[in-house]
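Engineer: Provided herewith is a single structure, encoded as structure tokens, for subsequent inquiry.
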Ligand code: C2E
Ligand code: MG
Ligand code: MG
Ligand code: MG
């Protein structure tokens, strides 16, 4: 890249004219068209009660199937969507599709108690997020109590009006979870004021739970904190039976992770699930 520009070559080009700039513009243009071209879709990952194996909910996780790039993971396009002002449209599409899928499962007699949907901070900045969510619930017919919105801890701590937005969402009856909990320095006083119901223990702590005593201590502390504040606690990134056993032993009975299922297409959620239940 540097070589292609030549020695000191960068002096002659505005950033937007470099190869990288052009590449980014192309990517942006492709992303903007992705919804209309039906390239965006959702995967769903089970949330499970550890002791019974019961399905308590699913999390919707967005994917972009680009004809040029293949399936692009959200870490590669959510930040871009945020930058180019596309996240409101994308976030609304995700919510509509997630709610629609819940109604479709129900029509098929398949019981998914709850759906979790991730929200971006940029959706908060736009205001009127509660109105958007209420509209989508009304249009799809999903009971607000069956929707849980996930917001990362850092978003809550770094967004000035987060509490106001969260109160608005709470008022329409949806559940709220703090995602990636443990990574964002929440003040406990702040946490206590929030109408949230769930803490999701960040995957990074679960990863080395049985070998790293610090991760072990933090996980136990989060479980205790949840108990004290009367919140439910779910662990993300559970990949092994040992991790699930550890969580159960320490009073966390909810988990999500590859040990149970990877995120999957909606048609195979129940196949994957039933196969697992039989083993
Ligand atoms: P997240 O909300 O914390 O979602 C969990 C991520 O961990 C997912 O990655 C999931 O596939 C992955 N995961 C689940 N279990 C395991 C496991 O056992 N091991 C490992 N190694 N990974 C596991 P994914 O789907 O790539 O999503 C990454 C992040 O992108 C999400 O983190 C979320 O912050 C964001 N994201 C995904 N979908 C949306 C969306 O619709 N809207 C917004 N705003 N953000 C989204
Ligand atoms: Mg999440
Ligand atoms: Mg998370
Ligand atoms: Mg995460």
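Engineer: Which numbered condition in (1) within 16 Å of ligand 2 (Cβ to nearest atom); (2) buried (at least 19 other Cβ atoms within 10 Å of the Cβ); (3) closer than 17 Å to residue 123 by Cβ is the only one that residue 137 fails?
Structural biologist: Just one mismatch for residue 137, condition (1).
Engineer: What helices (runs of 4 or more DSSP H), lying completely within the stretch 131-228, carry at least 3 residues that are within 15 Å of ligand 4 (Cβ to nearest atom) and in contact with a helix residue (DSSP H, G or I) (Cβ under 9 Å, 6 or more places away or on another chain)?
Structural biologist: Once the helices (runs of 4 or more DSSP H) in the stretch 131-228 are filtered for at least 3 residues that are within 15 Å of ligand 4 (Cβ to nearest atom) and in contact with a helix residue (DSSP H, G or I) (Cβ under 9 Å, 6 or more places away or on another chain), what remains is 153-158, 203-207.
Engineer: Right, something else. Only one residue in 142, 225, 176, 163 is free of Cβ contacts under 8 Å to residues at least 60 places away in the same chain, touching a strand residue (DSSP E or B) at 6+ places or on another chain (Cβ under 6 Å) and surrounded by 14 or more Cβ atoms within 10 Å (Cβ to Cβ). Which one? Walk me through how you get there before you give the answer.
Structural biologist: On the way: 142 fails: touching a strand residue (DSSP E or B) at 6+ places or on another chain (Cβ under 6 Å); 225 fails: touching a strand residue (DSSP E or B) at 6+ places or on another chain (Cβ under 6 Å); 163 fails: touching a strand residue (DSSP E or B) at 6+ places or on another chain (Cβ under 6 Å).
On inspection, the qualifying residue turns out to be 176.
Engineer: Only one of these conditions is not met by residue 132: (1) more than 19 Å from residue 226 (Cα to Cα); (2) surrounded by fewer than 20 Cβ atoms within 10 Å (Cβ to Cβ); (3) within 16 Å of ligand 2 (Cβ to nearest atom). Which number is it?
Structural biologist: All conditions are met except number (3).
Engineer: Continuing with the same structure: Just checking, how many residues over the stretch 115-129 are more than 16 Å from ligand 3 (Cβ to nearest atom) and at pLDDT 95 or above? Give the steps one after another, and end with the answer.
Structural biologist: Filtering the stretch 115-129 down to residues more than 16 Å from ligand 3 (Cβ to nearest atom) leaves 122-129.
Then keep just the ones that are at pLDDT 95 or above; that gives none.
Total meeting the criteria: 0.
Engineer: Same structure again: Look at residue 171 and say whether it is surrounded by fewer than 21 Cβ atoms within 10 Å (Cβ to Cβ), within 16 Å of ligand 1 (Cβ to nearest atom) and closer than 24 Å to residue 137 by Cβ.
Structural biologist: Numbers: surrounded by fewer than 21 Cβ atoms within 10 Å (Cβ to Cβ): yes; within 16 Å of ligand 1 (Cβ to nearest atom): no; closer than 24 Å to residue 137 by Cβ: yes.
In short, no.
Engineer: Which condition breaks for residue 261 when tested against (1) touching a residue at least 12 places away in the same chain (Cβ under 8 Å); (2) in a loop (DSSP other than H, G, I, E, B); (3) within 30 Å of residue 162 (Cα to Cα)?
Structural biologist: (3)
The values are calculated or read from the model by the stated rules, or taken from the named source; none is laboratory data. The structure displayed is predicted, hence computed values, not measured ones. Backbone-built Cβ (ideal geometry, glycine too); neighbour counts: all protein chains shown.
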